[in-house]
Amino acid sequence: MGLLMSTVPINEGLYLKLFGIPELYWQGEQIDAPSAKPLALLCYLGCCKEEVTRKEIAELLWKGKGSSVRVALHTLKGFPNSDDWLVMEDQLVSLNATSDFLLFSKAIVEDDYAGAIALWQQGSGQFLRTLEVKAAEPFFEWVEVERFRLQQQYLEALSEQASLLTEEEKYTEAIDCYKALLEEDSLNESAHRSIMQLYFRADNRQAAVEQFESCREVLAAELEVEPSEETLELLKLIEQGGVSQAKTALLLEKDAELAELPTKLIGRDNLLNDIKENLQQGSRLLLHGFGGVGKTALAANIATQLASENKKVLWLQVGNDDPDSVFDALMRPFEAQQKVGQAPTEHKASVVKEVLEAQDLNVVVLDDVWNSYSLSKVLEALPESIALLVTARQRYPKLKRIDIGDLERSASRDLLSHYAEKDLSSEAFVDELCDLLGDHAFALQIAGVTLAVDLLSPKALYKQIANNPHSLKLSSDFAEQGRESVASLMNVSLEAVSDEAYEAFMAMGALFAPSSTPEYLSLITRRDVEETE
């Protein structure tokens, strides 16, 4: 395998090589081994840090016969210089010797993974290979247990050493470690992925793709399965050169225009000024509220105002994208997506932070965030000098929350008039219509457009939807997918929540009143009260 090999210290005293075919050395020179059972006794003593009783030796190799132990020890006493390495005191026996077994164990304890790997590989990767002893079942049980334990320690050492080498950006050596892992277990898909990632970081995409093909072939041949989704996603990342979703954040400059910018922002002036003031102080804010209350419109208005004041603003609609996709999109305006894509997973956030720090940004705006893990990774990567504005329907910790509620009635009338393209403030049933729609910004927008398109009066529309206001919808000429009606907006929310949250929502619908206690709801959902809350 050609990795991490070193010279074993065998030039002093008695040394036992127990990995591979057992061999004995005295002062660096190999000596002849005794017959099977005395050799097995030597091997066992060479693995023990402390003295061993004659009774234990007898049980292990001679079914309890003490006389056989005496004969074996007498045989060993006849070897050259045995007085220097064989220690016998009454019923206790020990060796004054070194063994690769003990050196390996010491290296593992001291986290010297390179040393442990070298010892194992020099012994061809098997403990006491070819040693055969008749009528000694306890001894062979001990050997099998030790073989398994040592094998697991070797695999762990390879994995740990590979991680250390990766951190040091010694990719070739790290790949050798993972390939050694695959020699022991060719179905280790995680090791295949690690090799793919390392080749990618070393700018060798061809080798990364070839490694994927090796993984695919061995899984198909041995298990008749395809690679996991995680492996397929990594392949996609590699083949696209680090591009995850091809989504790009927008770097806003003076006179910038966002598609999310409303034609007119009504009833939010005080809120807008408060948010701007917080952002200028470097705050990290969450605009929180139900779908359609105007979070995105407010954020877009703030972002363009800040850009017009020569502030440097980065805007991204996040949705439910994973952290890698979000990092990729944030880096695209600075052509740094490949740099981040090639970084180890544990270092991506620090690389993103380094890039953002160099851009002299003032504010980052993350619109419509659904993925809490992605948000937490962005928070980890965001320099403290950059303010953050997040819009979301969910609550997230570590952010100062500003709830975007329903409009005041006067603002509701103005918004309805704006979309109806005429002043409705003095018309009948305007307040009743606003009240029916809950002073909800998006519902008022739909109602205003409907009044304009269908040439209806507020009173006529009120009567038309009085019994089912949720059915009010925009015509296909005016609607965006998922925003045709308030009901469709709710469905988008429901599709994005977790299975547990969805079940809780449906269970609430089965209750007589939404004020029912968590204890009652826990009975319906068959969960404990704490989880239900």
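The values are calculated or read from the model by the stated rules, or taken from the named source; none is laboratory data. If you're wondering where the values come from, they're calculated on a predicted model, not measured in any experiment. A quick note on method: Cβ atoms are made from the backbone with ideal geometry, for glycine too, and the neighbour counts reach across all protein chains shown. Remember, those area values only see protein heavy atoms, side chains included, never the ligands or the DNA or RNA. Shrake-Rupley method; radii C 1.70, N 1.55, O 1.52, S 1.80 Å.
Among the residues examined, Gln359 does not qualify as polar (S, T, N, Q), touching a residue at least 60 places away in the same chain (Cβ under 8 Å) and surrounded by fewer than 20 Cβ atoms within 10 Å (Cβ to Cβ).
Exactly one residue out of Glu217, Glu233 is modelled with pLDDT of 90 or more, assigned to a helix (DSSP H, G or I) and among the charged types (D, E, K, R), and it is Glu217.
The one condition from (1) without any contact (Cβ under 8 Å) to a residue 60 or more places away in the chain; (2) buried (at least 17 other Cβ atoms within 10 Å of the Cβ); (3) of a type in the set (A, V, I, L, M, F, W, C) that Val87 does not meet is (2). Taking segment 1-30 as the range and being hydrophobic (A, V, I, L, M, F, W, C) and modelled with pLDDT of 90 or more as the test, the residues that pass are Leu14, Leu16, Leu18, Phe19, Ile21, Leu24, Trp26. Taking first residues from segment 120-133 that are among the basic types (Lys, Arg) and partners that are surrounded by fewer than 19 Cβ atoms within 10 Å (Cβ to Cβ) and assigned to a loop (DSSP other than H, G, I, E, B), the Cβ contacts under 7 Å between residues at least 6 apart in sequence or on separate chains come to Arg129/Gly20; Arg129/Ile21.
Residue-by-condition table, conditions (1) in contact with a Lys or Arg (Cβ under 8 Å, 6 or more places away or on another chain); (2) surrounded by fewer than 23 Cβ atoms within 10 Å (Cβ to Cβ):
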| position | (1), (2) |
| --- | --- |
| His288 | yes, yes |
| Leu298 | yes, no |
| Ile302 | yes, no |
| Leu306 | yes, yes |
| Val318 | no, no |
| Asp321 | yes, yes |
| Phe327 | yes, no |
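Keeping to segment 388-399, report how many residues are open to solvent by 50 Å² or more (accessible area, probe 1.4 Å) and closer than 17 Å to Gln317 by Cβ. Steps first, answer last, please.
Restricting attention to segment 388-399, the residues satisfying the condition of being open to solvent by 50 Å² or more (accessible area, probe 1.4 Å) are 393-395, 397-398.
Remaining after also requiring closer than 17 Å to Gln317 by Cβ: 393-394.
Matching residues across segment 388-399 total 2.
The set of residues in segment 45-98 that are touching a helix residue (DSSP H, G or I) at 6+ places or on another chain (Cβ under 7 Å) and acidic (Asp, Glu) contains only Glu59. Taking each residue of segment 400-412 that is open to solvent by less than 30 Å² (accessible area, probe 1.4 Å) and looking for partners that are assigned to a strand (DSSP E or B) with beta-carbon atoms closer than 7 Å, six or more apart or interchain, yields Ile402/Leu285; Ile402/Leu286; Ile402/Leu287; Ile402/His288; Ile404/Leu287; Ile404/His288.
On the basis of being within 26 Å of Asp328 (Cβ to Cβ), at pLDDT below 90, part of a helix (DSSP H, G or I) and polar (S, T, N, Q), does Gln211 make the cut? Here the answer is no, as Gln211 does not meet what is asked.
Scanning segment 272-284 for residues that are of a type outside the set (Lys, Arg) and either at pLDDT below 85 or under 22 Å from Ala259 (Cβ atoms) (or both) yields Leu272, Ile275, Leu279.
For (1) under 57 Å from the mean Cα position of the chain (by Cα); (2) touching a residue at least 40 places away in the same chain (Cβ under 8 Å); (3) surrounded by fewer than 16 Cβ atoms within 10 Å (Cβ to Cβ); (4) part of a strand (DSSP E or B), each residue gets a yes or a no:
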position: Leu45; (1), (2), (3), (4): yes, yes, no, no
position: Phe79; (1), (2), (3), (4): no, yes, no, no
position: Ser94; (1), (2), (3), (4): yes, yes, no, yes
position: Thr98; (1), (2), (3), (4): yes, yes, no, yes
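Beta carbons closer than 9 Å, at least 6 apart along the sequence or on distinct chains, pair a first residue in segment 161-189 that is in contact (Cβ under 8 Å) with a residue 60 or more places away in the chain and of a type in the set (Asp, Glu) with a second that is surrounded by fewer than 16 Cβ atoms within 10 Å (Cβ to Cβ) and part of a helix (DSSP H, G or I) for Glu167/Glu346; Glu167/His347. Screening Lys49, Lys63 for residues that are basic (Lys, Arg), surrounded by fewer than 20 Cβ atoms within 10 Å (Cβ to Cβ), part of a loop (DSSP other than H, G, I, E, B) and in contact (Cβ under 8 Å) with a residue 60 or more places away in the chain leaves exactly one candidate, Lys63. Picking from residues in segment 330-353 that are without any contact (Cβ under 8 Å) to a residue 24 or more places away in the chain and over 21 Å from the mean Cα position of the chain (by Cα), the one that is surrounded by the most Cβ atoms within 10 Å (Cβ to Cβ) is Ala336.
Taking segment 362-387 as the search range and keeping residues that are in contact with a helix residue (DSSP H, G or I) (Cβ under 8 Å, 6 or more places away or on another chain) and in a helix (DSSP H, G or I), which one is surrounded by the fewest Cβ atoms within 10 Å (Cβ to Cβ)? Top of the filtered list is Tyr373.
Residues in segment 413-465 that are acidic (Asp, Glu), open to solvent by 40 Å² or more (accessible area, probe 1.4 Å) and outside any helix (DSSP H, G or I): Glu421, Asp423, Glu427. When each of Lys377, Lys422, Lys400 is tested for being among the basic types (Lys, Arg) and touching a strand residue (DSSP E or B) at 6+ places or on another chain (Cβ under 9 Å), the lone residue that passes is Lys400. Could you tell me whether Lys254 is of a type in the set (D, E, K, R), in a loop (DSSP other than H, G, I, E, B), open to solvent by 10 Å² or more (accessible area, probe 1.4 Å) and within 30 Å of Tyr199 (Cβ to Cβ)? Against the criterion (of a type in the set (D, E, K, R), in a loop (DSSP other than H, G, I, E, B), open to solvent by 10 Å² or more (accessible area, probe 1.4 Å) and within 30 Å of Tyr199 (Cβ to Cβ)), Lys254 does not qualify. The C-beta contact set for segment 215-239 (first residue open to solvent by 70 Å² or more (accessible area, probe 1.4 Å), second residue hydroxyl-bearing (Ser, Thr, Tyr), distance under 8 angstrom, 6+ apart or interchain) comprises Glu222/Ser186. Report whether or not Ala299 is in contact with a Pro (Cβ under 6 Å, 6 or more places away or on another chain) and at pLDDT 85 or above. Against the criterion (in contact with a Pro (Cβ under 6 Å, 6 or more places away or on another chain) and at pLDDT 85 or above), Ala299 does not qualify.
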